[in-house]
Amino acid sequence: MKLVKNILLGSVLAIVSISLLAGPAMAISAGQGPTDIIGGQNANSNFSSISGWVEILLTVIRWFYTIIFIIAVAFILWSAFDFVTSKGDDTKVKEAKQKLMYAVVGIAVALLSYAIVSFVQSSVNSGLAS
């Protein structure tokens, strides 16, 4: 039973991850690569200025908290599955509640990182403009 549960969970997680990550990949125009998206027409010019490095760092951080959100949603689904299959067993219910709490903490961390990134980006942009 545990093997079937793990295979089912892994399959659902893989399908959700692929479907969420396929959208941005499909949005790239023909002849356009990832460096064109990060750096505009001339991606090599990004490395010659501090604003280019900041933009690349912000892009990486945005991907990081997107992945955190995906993992948190997976944990929420996993805890819901554990709640449903616990059959009133107190230890399983407690484990499901812990997973749900970790997912909420993960979402809070991702939202906090988004706020920090936005603050740093606005600070850097205003500092570079003056």
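Only the coordinates and a few stated rules stand behind these numbers; no lab work does. All values derive from a computational prediction rather than experimental measurement. Cβ placement follows ideal geometry from the backbone for every residue including glycine, while neighbour counts extend to all protein chains displayed.
Annotations
- A simple charge model with +1 on the Cβ of Lys and Arg, -1 on the Cβ of Asp and Glu and nothing else charged puts the dipole of region 78-130 at about 40 debye relative to its Cα centre.
- Cut-off 19 Å, label 7 Å out along Cα→Cβ of residue 56, residues of region 97-130 by amide N: 121, 124-125
- Separation in nanometres of the label points that stand 7 Å from Cα toward Cβ, at residue 66 and residue 90: 4.5
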